1. How would region 5-103 be classified by its alpha-carbon gyration tensor: rounded, prolate or oblate, with rounded meaning a/c under 1.5 and the a/b versus b/c comparison settling the rest?
2. By how many nm would the segment from W283 to Y93 lengthen if fully extended, with 0.36 nm per residue of separation less the alpha-carbon distance?
3. Only helical DSSP H runs with n ≥ 4 go in: add -39500 (n - 2.57) per run for the chain, normalise by residue count and round the 222 nm mean residue ellipticity to 500 deg cm²/dmol.
4. Report H50's accessible area, 1.4 Å probe, all protein chains in place, as a number in Å² to the nearest 10.
5. Taking K231 as the anchor, which lysines have their alpha carbon closer than 28 Å to its alpha carbon, excluding any fewer than eight residues away along the same chain?
6. Using a 7 Å offset from the Cα along the Cα-to-Cβ direction at both L188 and M242, what is the distance between the two label points in nm, to one decimal?
7. Using 7 Å Cα-to-Cβ label points, what is the K349/S215 separation (nm, one decimal)?
8. With charges only on Cβ, +1 for K and R and -1 for D and E, what is the dipole size of region 239-349 about its Cα centre, in debye, rounded to 20?
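The values are calculated or read from the model by the stated rules, or taken from the named source; none is laboratory data. This structure is a prediction, so every number in the text was calculated from the model and none was measured. Glycine gets a Cβ as well: all are built from the backbone with ideal geometry, and neighbour counts include every protein chain shown. Quick note on the areas: whole protein, heavy atoms, side chains included, nothing else; ligands and nucleic acids left out. Shrake-Rupley method; radii C 1.70, N 1.55, O 1.52, S 1.80 Å.
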Amino acid sequence: LPADYKVDARSNEKMVVISPLAPVSINNTDRSYQYSSSRAEEMSLVYSPHMLSRSVDVGDIQVRFYYDNSLQKWSSLSLEILTEALTYFKDRYGRWPIKRLTVISMAQNPQPVVASNQLILLRNSFPEDADPEIVRRRLTEHLVYGLAQQYWGYQVKQDTADVPWITQGLALLQAQNYVKAKNQKSFLLGDALVEDYLRTARQGWNTRLNAPADSLSHWPQNGFVALAQGKGFTVVRLLEGMLGKKVFEQVETLLLQQYQSQPLTTAAFQESLQSVSGKDLDWFFGQWVKRGDILDYAIQSVRQARQKESELIKAVITLQNMGDIEMPMTLALRMSNGNTLLKLWSAGKDGQRLTYELPSPLVSVTLDPSNSMPDIDRSNNVYKVPGLVKSVD
């Protein structure tokens, strides 16, 4: 809730004081600082020695970039990435997220990126002799994720009492889409967060998303990373894959229009997805959001034989659902003639035993060959097929 803030502080050395939301009054005589803000929803205040600064205007946004002396080499690259990303988001959403943005790049930061209202804290521990392409890739991922949170998290918010998985998931999804648009092969930050969620699920923790935010404090590990970020990104990415990119873009536009001044709830998010797509998503939200179900499919066996009086191969594939979740899955059937057939399998409709007639013997069968599904155990997703058995009728 909006409140009035006032902070009085004194330092034993000269400090740079940075506040994106309100002015700071500084007394250089005794190194005392006073910060005040009226009717603000939060307070962001950074004290740091030895900071340099650069400024740039990107469209209507005033960007102030602070960086440590040791990071001067990467300051121009960071501002270049910021300019490109802000332009991308303006084209994507039709407007800038804010009028002023403060970015602070520092070598010591507990997280790769921390976003607040009009503020991004960026960890930049790259030495001067680091590979510029590696630096560009990692800075891009982190900066774009921070920028996306200015839309998803600060324009559209979730109730602070709930795990903020929707806004975190949407921000990470947009960071992933930006990375793909830049022709980078994978979204390393997102992949690491998804693995955090899968590791938690394998350990048996209840990963339901409609839990109160304070429940995360009872976890022995970082529950925010595993749930809000890792599973939130997993679920939102699955929804985009199911409904299609165009439908999902329409949903995002709708949410930005309707939830500027009120928190976005899980029920409202589901309703928006259903109204735009025309699909009932109760089955999806029940498995992935309201319960802590897990996805774990396995290939149990594969048998094949040449049919009598025919050159066709009859293959029988037996699959097993070792978890709780039912999701459509892709099967890749690799044959000895070098060709691969892709088949869509829906466990609820197709059963767990599939029969195919093939022009050539199978060499291997792979579940989810693109690794797009959050299966908690991929060791049973690939089956090397033995040779042919005797001919069958």
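1. Since a/c reaches 1.5 but b/c is at least a/b, the shape of region 5-103 is classed as oblate.
2. This chain segment gains 65.4 nm when fully extended.
3. Result for the chain, helices only: -9500 deg cm²/dmol.
4. 120
5. Partners within reach: K90, K157, K180, K182, K185, K245, K246, K279, K290, K343, K349.
6. Simple spin-label model gives 3.2 nm for this pair.
7. If labels sit at K349 and S215, their model points lie 3.2 nm apart.
8. So the magnitude is around 600 debye.
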